[in-house]
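Contents: one structure, followed by commentary.
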Amino acid sequence: MLNEVEFYMTLEELEKRLRETEKRLLAAELKIRINQDIEQIKQLHQRYMNALAFIKWDDIIDCFADDCSIDVQFGGLIKGKANVANFFREQLSRIHNGKEGIFAIHPQITVDGEKAKGNWLMYIMYADPRTWQSRYWLQGIYDADYVRVKRQWKFSYLQWRPRLEPPGPPPPTMAP
């Protein structure tokens, strides 16, 4: 219910109030859009992690933009979607067989229009294929650049670096 002071506003006062309300509404809409973008980026990363866990290479490749690049511990900088696809199918598949436990947590995502940046903490558990007891864990950091392509977020750049790991080369694929 309007009080008498609000009811008897001048046209100028009413216009000023309307402009202020429009500004607040635009700011709220921007915050909502950014939060929706962040959620969509989280969903992209979850699709990527699930595809990685279940060795669905085509689903992984679908997470990347055409002009993407990746930089991983033992693969170096790889540019272009075809080369990235080749890395996953021909190189990563040698040490990753879908029997590892994979967790990506603590996302920090910033959105700037059609681009975004993210940082994730990742854990990988390698288990004994007979007993499924943990052999060892790795902890690494994902740094990602994202780009919106046809209204969908994709990786434009993805880097993974180990933070905590046992010494030596990456583990060999463990047969089931």
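Please compute the alpha carbon radius of gyration of the stretch 39-86, then divide it by the globular-protein estimate 2.2 N^0.38 Å. Two decimals is fine.
Rounded to two decimals, the normalised Rg is 1.13.
Calculate, axis by axis, the spread of Cα positions in the stretch 10-164 along the three principal axes, and write the results as whole Å, longest axis first.
Largest to smallest, the principal-axis extents are 80, 33, 23 Å.
Among 40-47, 146-153, how do they line up from the highest to the lowest mean number of other beta-carbon atoms within 10 Å?
Ranking the peptides 40-47, 146-153 by packing returns 40-47, 146-153.
Among Leu77, Leu121, which comes first, then next, by fewest other beta-carbon atoms within 10 Å?
Exposure proxy ranking, most exposed first: Leu77, Leu121.
Can you sort Lys117, Lys79 by how many other beta carbons sit within 10 Å, fewest first?
Lys79, Lys117
Can you tell me the order of 15-26, 101-112 when each peptide is scored by its average per-residue count of other Cβ atoms within 10 angstrom, highest first?
Final packing ranking: 101-112, 15-26.
What relative contact order, as a whole-number percentage, does the stretch 10-164 give when Cα pairs under 8 Å and 6 or more residues apart are counted?
Numbers: 241 pairs, mean separation 31.1, N = 155.
Relative contact order for the stretch 10-164 comes out at 20 percent.
Can you tell me how much longer the chain between Arg47 and Leu164 gets when fully stretched, taken as 0.36 nm per residue apart minus their C-alpha distance, in nm with one decimal?
39.7 nm
Hey, rough spin-label estimate for Phe54 and Asn35, points 7 angstrom out along Cα→Cβ, what's it come to in nanometres?
Label-label distance for Phe54 and Asn35, simple model: 3.0 nm.
Most exposed first by the Cβ proxy, i.e. fewest other Cβ within 10 Å, how do Ser93, Ser134, Ser156 rank?
Starting with the residue having the fewest Cβ neighbours, the order is Ser134, Ser93, Ser156.
Relative to the longest principal axis of the C-alpha atoms of the chain, give the angle of the C-alpha long axis of helix 11-53, reported between 0 and 90° and rounded to the nearest 10°.
Around 10 degrees separate the two axes.
Could you give the spread of the C-alpha atoms of the stretch 9-67 along their three principal axes, from largest to smallest, in whole angstroms?
Principal axes ranked by extent give 67, 22, 9 Å for the Cα atoms.
Over all directions, how big on average is the projection of the convex hull of the alpha-carbon atoms in the stretch 78-133, in square nanometres?
Working: hull surface 22.2 nm².
Answer in nm², one decimal: 5.6.
Every number in this text was worked out from the coordinates using simple rules, so none of it is lab data. Since this is a predicted model, take the numbers as computed values, not measurements. Because the Cβ atoms are built from the backbone with ideal geometry, glycine has one as well, and the counts that use them run over all protein chains shown.
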